[in-house]
């Protein structure tokens, strides 16, 4: 077993289980058990241990946004008048469904967000009518993603 942090130990079997589920979270536990060479009950027990440790943050289905007509991904750097406006700005950003991620950052921007829109016109509407109208937002800087070339999780 290897010490990852103070409370978490994962061994080679745990890693095999995690890799199988990261590849396809719908893989049946009994199939993983056959691959790893232990019982399904042991897999369940190890998964409960990993969930309890906080390593597993959940599982989810991933929706293909293009199938719903969302084709414009952008990253928006938000400049705030004052750093103390951050909590209120984030509260308002949470109300905008097109905002997928929000990060408090170092550097020029106070906040960096990831936005998904149907097209450039939709993005312009979200920027002009929703984001830039938030109290404390002085200006924004937008970068449109042409193509996501890497999409992965940390390796186990």
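Here residue 92 does not qualify as in a loop (DSSP other than H, G, I, E, B) and touching a residue at least 40 places away in the same chain (Cβ under 8 Å). Looking only at residues that are surrounded by fewer than 14 Cβ atoms within 10 Å (Cβ to Cβ) and out of contact with any strand residue (DSSP E or B) (no Cβ under 7 Å at 6 or more places or on another chain) in region 94-124, which one is farthest from residue 83 (Cα to Cα)? Going through the qualifying residues, I end up with 121.
No lab work stands behind these numbers, since they all come straight from the coordinates. Remember, it's a predicted structure, so these values are computed and weren't measured experimentally. Here Cβ is always computed from backbone atoms with ideal geometry, including for glycine, and neighbour counts include all displayed protein chains.
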